[in-house]
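Data first, discussion second: the structure below is written as structure tokens.
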Amino acid sequence: MRFLARREYSREELRRKLVPTLVEGEDLEAVLDDLSTRGWLSDTRYAEHAIRARSRRFGPLRMAQELRARGVDEESIQAGFRAAGEEGAASIERVWGSRFKTAPANEREKARQVRFLQARGFALDVIFRYFKNLKESP
């Protein structure tokens, strides 16, 4: 309870944290199941919170990968994105604008900006579409 009072945890994260404190005879899975049925532990709620918190800096691919690394299943990740809604929608324009102020002047600069956006978790087709629209806008 002390851990969950501070912040949201995924089921797998909480399991890893509690394993070292187990006393022989205790059933960790039963405790985690009980917390889930009471609504105190939810992978979907954890995913939603993580997506909202990190959407200003990272794209959807990176956020989904980080959630998978923390033991959140695909269904909970998708539900988290749906629940986060507009607040959780990463804006490539906002992420790009946090680092760059002007459109790339040459291919070398464009490659650098593409690598930056890929590392932040945006798909390549989304990045190229953004640059095309950036070039076309006045």
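The values are calculated or read from the model by the stated rules, or taken from the named source; none is laboratory data. Keep in mind that what you see is a predicted model, and the values were worked out from it rather than measured. Every residue, glycine among them, receives a Cβ derived from its backbone with ideal geometry; neighbour counts consider all protein chains shown. Quick note on the areas: whole protein, heavy atoms, side chains included, nothing else; ligands and nucleic acids left out. Shrake-Rupley method; radii C 1.70, N 1.55, O 1.52, S 1.80 Å.
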Name every residue in the range 73-125 that is polar (S, T, N, Q), within 14 Å of the chain's Cα centre (by Cα) and more than 30 Å from residue 36 (Cα to Cα), in order of residue number.
91
Just a yes or no: is a residue in the range 7-25 within 20 Å of residue 123 (Cβ to Cβ) and not in a loop (DSSP other than H, G, I, E, B)?
no
If I filter the range 107-121 for residues that are open to solvent by 90 Å² or more (accessible area, probe 1.4 Å) and not in a helix (DSSP H, G or I), do I get at least one hit?
no
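Open to solvent by 80 Å² or more (accessible area, probe 1.4 Å), farther than 21 Å from residue 121 by Cα and of a type outside the set (Phe, Trp, Tyr): which single residue out of 38, 68, 57 fits that description?
Only one candidate passes the filter, namely 38.
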Which of (1) assigned to a helix (DSSP H, G or I); (2) modelled with pLDDT under 85; (3) of a type in the set (A, V, I, L, M, F, W, C); (4) open to solvent by 40 Å² or more (accessible area, probe 1.4 Å) does residue 30 not meet, given it meets every other one?
(2)
Can you name the residue in the range 93-106 that is open to solvent by 30 Å² or more (accessible area, probe 1.4 Å) and either touching a Leu at 6+ places or on another chain (Cβ under 8 Å) or assigned to a helix (DSSP H, G or I) (or both) and, of all such residues, is farthest from residue 66 (Cα to Cα)?
103
Exactly one of 81, 3 is closer than 30 Å to residue 124 by Cα and aromatic (Phe, Trp, Tyr), and that residue is 81
Hey, residue 81 hits all of (1) modelled with pLDDT under 85; (2) closer than 26 Å to residue 41 by Cβ but one; which does it fall short on?
(1)
Looking for something farther than 25 Å from residue 12 by Cα and either among the small types (Gly, Ala, Ser) or out of contact with any Gly (no Cβ under 9 Å at 6 or more places or on another chain) (or both) - is there at least one such residue anywhere in the range 73-87?
yes
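Could you grab me the full set of residues in the range 60-74 that are of a type outside the set (Val, Ile, Thr) and touching a residue at least 12 places away in the same chain (Cβ under 8 Å)?
First pass over the range 60-74, keeping only residues of a type outside the set (Val, Ile, Thr): 60-71, 73-74.
Result: 60, 61, 62, 63, 64, 65, 66, 67, 70, 71, 73.
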